[in-house]
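Student: Mind having a look at this structure? Questions to follow.
Just so you know, all these numbers are worked out from the coordinates, no wet-lab data involved. Values in this document were obtained by computation on a predicted structure and should not be read as measured data. Please note: Cβ atoms are built from the backbone with ideal geometry, for glycine as well, and neighbour counts cover all protein chains shown.
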Amino acid sequence: MSSKSCNAVLAKSRAMYGKCLKEQDYRQLVDCRSVSEVASYLKAHTCYSRALTGLNETETHRGQLEPLLRQEVYLDIFALSRYTSDNALAVTDFVTSKLDIEQIVRFLMMLNIGKPEEYALSMPLSLDKFTPISFRSLAAVRSYDDLLSVVQRTKYYQVLLPFRPKEGEALKIAEIEIALNNKNYSMAMEAIPKMKNKAEQKELKDLFNSVFDFENLERILRLKKYHALDSESVKSMLIPYGKLSRKVIEELCNADDFRDVYELARSTYLGGPLSKLQYYDNTQISYALINSYCRHHLRLSPNPTIVMISYIYLKQIEVRNIINLIEATRYGLSPDEKQKLPVR
């Protein structure tokens with residue numbers, strides 16, 4: 001990127017972050033008593049007014065709101081991408097590809113229980129223009145072979161092909177999700193060395209490897225606490241990247257329970273980031289660590305790609321926070337219960 005482009009990305013990413021939800025916004029959302037109230041507040045008082053323009057908030061529901069909120073992330077990425085190089089875009093594609101994977105997995109869950117037609121009730125049509133997958137076509141799929149046809153011209157085809165089930169066989173959804181994500185991770189790591197700036201390469205590699213360690217820690221904690229899997233099974237479900245050594249990963253996977261995992265993690269470089277967190281929720285720990293890490297880099301890094309990716313992560317976490325609050329409001333959780341949900 002030219003000096004002018006670098007400055008534009010830095011300034012625009014930080015300006016966009018300045019428009020993100022504040023603590024006061026979260027307090028207002030926590031106090032909302034219905035999904036309509038949440039939609040009204042977002043439309044009237046936050047940066048999501050653009051996404052919700054034309055929405056009749058008195059008749060809205062979660063299925064309508066989620067794709068509109070997610071669309072904001074992609075609109076921001078497109079706004080920033082005008083100033084970035086192709087190599088930088090190859091790296092940010094790692095973040096945006098998570099949407100595709102999430103939708104494929106959501107569809108496969110419905111296909112697995114024999115109700116693929118129900119995907120159409122929640123498909124994010126407003127996001128079609130941002131991804132190589134046609135969600136409208138995905139909603140018409142009724143078999144795994146149909147799915148392969150829909151994704152044939154995308155990077156997901158070769159990953160999904162080996163998982164084609166035999167007649168009467170259930171889909172291996174957990175394995176498929178891991179394979180799709182690992183493909184995404186490997187493509188991100190392969191894109192980094194193609195960037196011209198060596199300092200940028202180093203910082204990007206450090207960022208991604210840290211994120212992978214955060215996600216692996218959460219996976220180990222969840223698998224230990226809720227599934228009681230053996231060490232080899234846990235290792236097979238981890239991201240094959242990160243800064244933690246194989247020896248440390250082995251020790252974490254061999255730990256007797258999730259409490260031991262925490263203690264071992266504190267003895268690594270993860271101890272510092274963990275000590276800054278206000279809570280240890282196994283379902284949120286990777287998001288909390290990523291949130292803290294990316295806020296630090298967004299404020300202090302001189303690297304425009306790092307700042308841009310940090311902003312994208314933070315924006316995605318914010319959208320996830322809103323969706324969780326919408327779901328909690330829909331099911332009648334109290335303000336005290338909802339207050340614990342957002343990662344911030």
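Student: So how many residues does the stretch 130-159 have that are of a type outside the set (S, T, N, Q), assigned to a loop (DSSP other than H, G, I, E, B) and touching a helix residue (DSSP H, G or I) at 6+ places or on another chain (Cβ under 9 Å)?
Tutor: 8
Student: A further question on this structure: How about the stretch 185-271: which helices (runs of 4 or more DSSP H) wholly inside it have at least 3 residues that are polar (S, T, N, Q) and under 28 Å from residue 303 (Cβ atoms)? Talk me through it step by step, then tell me what you get.
Tutor: Working: elements: 198-222, 231-236, 246-254, 258-266.
Because the criterion is at least 3 residues that are polar (S, T, N, Q) and under 28 Å from residue 303 (Cβ atoms), the helices (runs of 4 or more DSSP H) in the stretch 185-271 that meet it are 198-222.
Student: Another question, then. Looking at the stretch 131-147, is at least one residue more than 19 Å from residue 186 (Cα to Cα), in contact (Cβ under 8 Å) with a residue 40 or more places away in the chain and surrounded by fewer than 19 Cβ atoms within 10 Å (Cβ to Cβ)?
Tutor: No.
Student: Tell me the residue from 13, 5 that is crowded, with 19+ Cβ neighbours inside 10 Å and of a type outside the set (Phe, Trp, Tyr), please.
Tutor: 13
Student: A further question on this structure: Any chance you could count how many residues in the stretch 315-339 are more than 30 Å from residue 298 (Cα to Cα) and touching a Leu at 6+ places or on another chain (Cβ under 9 Å)?
Tutor: Counting residues in the stretch 315-339 that are more than 30 Å from residue 298 (Cα to Cα) and touching a Leu at 6+ places or on another chain (Cβ under 9 Å) gives 2.
Student: Moving on. Counting only residues that are surrounded by 21 or more Cβ atoms within 10 Å (Cβ to Cβ) and farther than 17 Å from residue 24 by Cα, how many does the stretch 329-344 have?
Tutor: Here the count works out to 1.
Student: When the residues of the stretch 91-123 are narrowed to those that are outside any helix (DSSP H, G or I) and out of contact with any Phe, Trp or Tyr (no Cβ under 6 Å at 6 or more places or on another chain), which ends up surrounded by the most Cβ atoms within 10 Å (Cβ to Cβ)?
Tutor: This residue is 122.
Student: For the stretch 4-41, how many residues meet the condition of being hydrophobic (A, V, I, L, M, F, W, C), within 16 Å of residue 330 (Cα to Cα) and not in a loop (DSSP other than H, G, I, E, B)?
Tutor: 5
Student: Could you say whether any residue in the stretch 294-301 is under 27 Å from residue 231 (Cβ atoms), aliphatic (A, V, I, L, M) and out of contact with any Asp or Glu (no Cβ under 7 Å at 6 or more places or on another chain)?
Tutor: Taking every residue of the stretch 294-301 in turn, none turns out to be under 27 Å from residue 231 (Cβ atoms), aliphatic (A, V, I, L, M) and out of contact with any Asp or Glu (no Cβ under 7 Å at 6 or more places or on another chain).
Student: Only one of (1) free of Cβ contacts under 8 Å to residues at least 24 places away in the same chain; (2) outside any loop (DSSP other than H, G, I, E, B) fails for residue 52. Which number is that?
Tutor: Just one mismatch for residue 52, condition (2).
Student: Tell me which residues, restricted to the stretch 218-236, are surrounded by 15 or more Cβ atoms within 10 Å (Cβ to Cβ) and charged (D, E, K, R).
Tutor: 218, 219, 222, 224, 235
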